[in-house]
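Comments concern the structure below.
The values are calculated or read from the model by the stated rules, or taken from the named source; none is laboratory data. All figures in this text were calculated on a predicted structure; none of them were measured in a lab. Ideal geometry is used to build each Cβ from the backbone, glycine not excepted, and the neighbour counts take in all protein chains shown.
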Amino acid sequence: MSFKCPVCGGLQVGRVGSDQYYCWNCFLEFNYAKGRVNLYEVAEDGSLLAIDESAGII
Ligand SMILES: [Zn+2]
């Protein structure tokens, strides 16, 4: 089972948790919850910043 990045559509996606994935192209983490994708930017200190798609960042 392979995942495409929901942002760039690329296949350079690695699994980083039980339900968490990382795109090496976008440098974003994402997971799927209740049928929708949640995106996270990885901060310099390693913490995850949720990206609100409605904010127009993507
Ligand atoms: Zn990507």
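May I ask you to list the residues in region 20-49 that are surrounded by fewer than 10 Cβ atoms within 10 Å (Cβ to Cβ) and either part of a strand (DSSP E or B) or touching a strand residue (DSSP E or B) at 6+ places or on another chain (Cβ under 6 Å) (or both)?
Across region 20-49, the qualifying residues are 33, 36, 43.
What's the number of the condition residue 50 fails, among (1) within 14 Å of the ligand (Cβ to nearest atom); (2) modelled with pLDDT of 90 or more?
Every listed condition holds for residue 50 apart from (1).
For region 1-19, which residues satisfy the criterion of being more than 7 Å from the ligand (Cβ to nearest atom) and touching a residue at least 24 places away in the same chain (Cβ under 8 Å)?
6, the sole residue that qualifies.
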